[in-house]
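Undergrad: One structure, pasted below without further comment.
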Amino acid sequence: MNKKLFVLDTNVLMHDPACLFRFEEHDLFIPMVVLEELDAQKKGTSEVSRNVRQVSRFLDDLMQGREQAQIEKGLRLPAPPAGGANGKLRGKPASGRLFFQTRPTATALPDMLPGHKPDNSILLVTLELQMQHPDRQVALVSKDINLRIKAAIVGVHTEDYHNDQVLEDLDLLFTGYAELPANFWQTHGDNMESWQDERGRACYRVAGPKVHGWHLNQFLYLPDEAQGGLELIVQELSEDSAELRVIRDYRSGKTPVWGIHAKNREQNFALNLLLDPEIDFVTILGAAGTGKTLLALAAGLAQTLDESRYREVIMTRVTVPLGEDIGFLPGTEEEKMTPWMGALMDNLEVLTQTSGAGDWERAATNDLLAKRVKIRSLNFMRGRTFLNRYIIIDEAQNLTPKQMKTLITRCGPGSKMICLGNLSQIDTPYLTETASGLTYVVDRFRGWPHGGHVTLARGERSRLAAWASDIL
């Protein structure tokens, strides 16, 4: 099969600086206008600017000691670096060559593409490459939908950049739980062992065909009509057996978590992960109104104020506006973040609505919470280390895999991180459900002994919110 020739758009390089090493045996071509656009974006402290500077360093390393004649023949791509924008680069090293535009285009710009816009220049370069290499497939790789539409109109083959996608289909994403068949004990009960752990919780060791599809810290449940709705968590896995433990039920009135109870099975699973001291990293997915922030905040306050397990609760989120940007915000870091933290304020109001409490008691509670619940900006996370903190990252679906890695590696000893998000509400340009940093960590942390994940399925905010989520 002939090698393909991929023309890279600027946004692909901005999105993933290591994309140069991800096209395996195929050749790459970078137009001069792309280098100009990269140069215009190199200044600043944003993630895009950092990615541009990383691309420039990669290209500079490739050109060290190369003459113009060698550049025209194409530069062989070396082995990929140890780490890339989205984690470690896996697979065999790239064997294609990297070409640059070394001569001006001779093809006339079609009348339907007037002017000298960068996108039109890239299309013109791709059209000329198609004429120069009729025996090869030339494809323009871009994350810009409008550019791909224009390319299709003028007869240029285009492709989206898929290498950053964690999954082909979001339906394949790990939910964190699975329903057991009604005959589970008949098929897995032979030679079953049972005992109670040091906390008096029932544990079982079972063997059978279902064991091979389970993961550590995955929840398993029998239907409500079978065995009283038994709910278990996978504690240990071996080649042919698994150790299961009955989880705690936070739906009953005897076990409130800072005054709230789980309203459904998935919320109960989430609270078991949030309150487990052996779990350091929790991801919770769910549509609007499923209770993600309320559960995470209640568990954090219970462990910070009641159990003194953590020194304070830290909450942060990506500052991506839903509508027009409101511009500069005065004040301290916490004051600047306050408009973005409406979810925190709303849920704190729910958790502090103690029946019968007077104004003085409510004021004292709010004073205490202000000292133990901190709002922080993601922009100042680099270089920090959080010790014995309970960290909540809200709206994590708007983070890239590289940003997610930066945040998780801030956790020091004794800290716990919770990532919340709704993959159907991504506001960051060029991020999709299958390429989001939240999807990335859910998939990568699956099966880690100190991490857990739950997808909340049922909305509990109101009948209006539930109906709107279903029909709109």
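Undergrad: Around residue 311, what is the net charge, scoring Lys/Arg as +1 and Asp/Glu as -1 over all other residues with Cβ under 13 Å from its Cβ?
TA: After counting each charged neighbour, the total is +4.
Undergrad: Ordered by residue, what ³J(HN,Hα) values in Hz, to whole numbers, does region 183-189 give under the Karplus form 6.51 cos²θ - 1.76 cosθ + 1.60, where θ = phi - 60° and Gly and Pro are x?
TA: Those phi angles translate into 9, 4, 5, 5, 8, 10, x Hz.
Undergrad: Going 7 Å from the Cα of residue 377 toward and past its Cβ, which residues in region 34-51 have a backbone nitrogen under 20 Å from where you end up?
TA: 43-51
Undergrad: What's the FRET efficiency of residue 132 with residue 172 using the Cβ-Cβ distance as r and R₀ = 35 Å, to the nearest 0.05?
TA: 0.30
Undergrad: Ok, one more. When every alpha-carbon pair in region 375-454 is counted, what percent end up more than 16 Å apart?
TA: 51
Undergrad: Quick check: residue separation of residue 57 and residue 3 times 0.36 nm, minus the Cα distance between them. What number comes out in nm?
TA: 16.8 nm
Undergrad: Efficiency by 1/(1 + (r/R0)^6): what FRET value for residue 368 and residue 255, r their Cβ-Cβ distance, R0 = 22 Å, to the nearest 0.05?
TA: Calculated transfer efficiency: 0.45.
Undergrad: Moving to a separate point now. Each label point is 7 Å from the Cα along the Cα-to-Cβ direction; what then is the distance between the points at residue 48 and residue 202, in nm?
TA: 5.7
Undergrad: Amide H of residue 140: which non-local residues (sequence gap of 5 or more, or other chain) have their own amide H closer than 5 Å, using H built in the peptide plane?
TA: 7, 157, 158, 159
Undergrad: Holding the Cα-Cα limit at 23 Å, pick out from 371/416; 73/143; 4/42; 292/416; 254/371 the pairs that are longer than that.
TA: Result: 73/143; 4/42; 254/371 exceed 23 Å.
Undergrad: I'd like the FRET efficiency for residue 239 and residue 264, computed as 1/(1 + (r/R0)^6) with the beta carbon distance as r and R0 of 45 Å, rounded to 0.05.
TA: 0.85
Undergrad: Give me a comma-separated list of calculated 3J(HN,Hα) values for region 52-57, in order, Karplus coefficients 6.51, -1.76, 1.60 applied at θ = phi - 60°, integers in Hz, x for any Gly or Pro.
TA: Working through the residues one at a time gives 4, 5, 5, 4, 4, 5 Hz.
Rule-based calculations on the coordinates, nothing more; no lab input. Only a predicted model underlies this, so the values are computations on that prediction, with no experimental measurement involved. Methodologically, a virtual Cβ is constructed for each residue, glycine included, from the backbone with ideal geometry; neighbour enumeration extends over all protein chains shown.
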